[in-house]
Amino acid sequence: KPLQFISGGSPLTSSSQQNTMTKAAASIFTLILLFVLASPAMALCIKSEKANLRTGPGTKYEKLWQVFQYMPFKLLKTKESWKQVQDLDGDSYWVHAPLTTQKYKCAVIKNNQTNLRKGPGTKFPKVKWAPVDKFFSMRVLKIENNWVHIEDASGDKAWIYRPLVWIQ
């Protein structure tokens with residue numbers, strides 16, 4: 001069907017073209033709405049000296065694992081005073097909310113026998129307490145290029161190559 005023009009030179013579209021444009025606009029609107037309403041997983045850290053990870057939201061649920069200060073997690077959801085979290089391996093647990101914080105970033109080692117350095121680069125010597133193993137957790141002080149300045153729970157500081165840690 002040919003396009004029709006009204007005064008001023010603007011084209012009028014056929015009803016099938018209008019229907020297609022309406023469907024496209026509705027699809028775009030739906031995608032935007034989903035993007036806006038979808039809440040991205042938020043990061044949190046263990047702020048207490050240690051915390052128990054459980055199968056459900058309460059102390060009556062089985063304790064699966066105990067983690068130490070600065071262990072990072074992705075927050076999945078909250079139920080009363082409990083938070084469901086996900087670790088670097090994708091496993092989910094429940095932790096008592098008052099034991100957590102979102103005030104700073106934390107990192108955890110991805111692999112065993114990971115070196116930590118005195119400065120941001122391999123030209124710097126290893127710290128005397130390196131290497132460390134998977135699940136060693138730290139507070140992130142800053143990120144410089146592809147190196148992360150960290151501090152562990154005892155206050156020791158070091159640098160680690162960014163791809164070797166999971167930061168939340």
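The values are calculated or read from the model by the stated rules, or taken from the named source; none is laboratory data. Quick caveat: nothing in here was measured; it's all calculated off a predicted structure. A quick note on method: Cβ atoms are made from the backbone with ideal geometry, for glycine too, and the neighbour counts reach across all protein chains shown. SASA here: full protein model, heavy atoms, side chains in, ligands and nucleic acids out. Shrake-Rupley method; radii C 1.70, N 1.55, O 1.52, S 1.80 Å.
For the residues Phe68, Phe136, Phe73, a 1.4 Å probe over the protein chains yields an accessible-area ranking, largest first, of Phe68, Phe136, Phe73. Rounded, prolate or oblate: which fits segment 45-86, taking a ≥ b ≥ c as square roots of the Cα gyration tensor eigenvalues, rounded meaning a/c under 1.5, else prolate when a/b beats b/c? Note, shape of segment 45-86 comes out oblate. Under the shape rule built on the C-alpha gyration tensor, where the axes satisfy a ≥ b ≥ c, segment 64-168 is prolate, since a/c reaches at least 1.5 and a/b is greater than b/c.
If I take R0 = 30 Å and measure r between the Cβ atoms of Ala43 and Ala130 in this structure, what FRET efficiency does the formula 1/(1 + (r/R0)^6) give, to the nearest 0.05? Result of the calculation: an efficiency of 0.75.
Computed with a 1.4 Å probe over protein heavy atoms only, the accessible surface of segment 106-162 comes to 55 Å² per residue.
For segment 59-117, the fraction of 1.4 Å probe accessible surface lying on carbon and sulfur atoms is 42 percent. Taking 20 Å as the limit for the C-alpha separation, the pairs Lys79/Lys142; Lys47/Lys83; Lys128/Lys157; Lys47/Lys77; Lys74/Lys157 exceed it in the case of Lys79/Lys142; Lys74/Lys157. The figure for Tyr61 is an accessible area of roughly 80 square angstrom, using a 1.4 Å probe on the protein chains alone. Legend: calculated FRET efficiency, Ser81 to Glu151, from the Cβ-Cβ distance at R0 = 22 Å, rounded to 0.05, equals 0.20.
Each residue of segment 85-99 is assigned a 3J(HN,Hα), and the resulting list reads 10, 10, 9, 5, 8, x, 7, 10, 9, 10, 9, 5, 4, x, 8 Hz, derived from the Karplus form 6.51 cos²θ - 1.76 cosθ + 1.60 (θ = phi - 60°), x at Gly and Pro.
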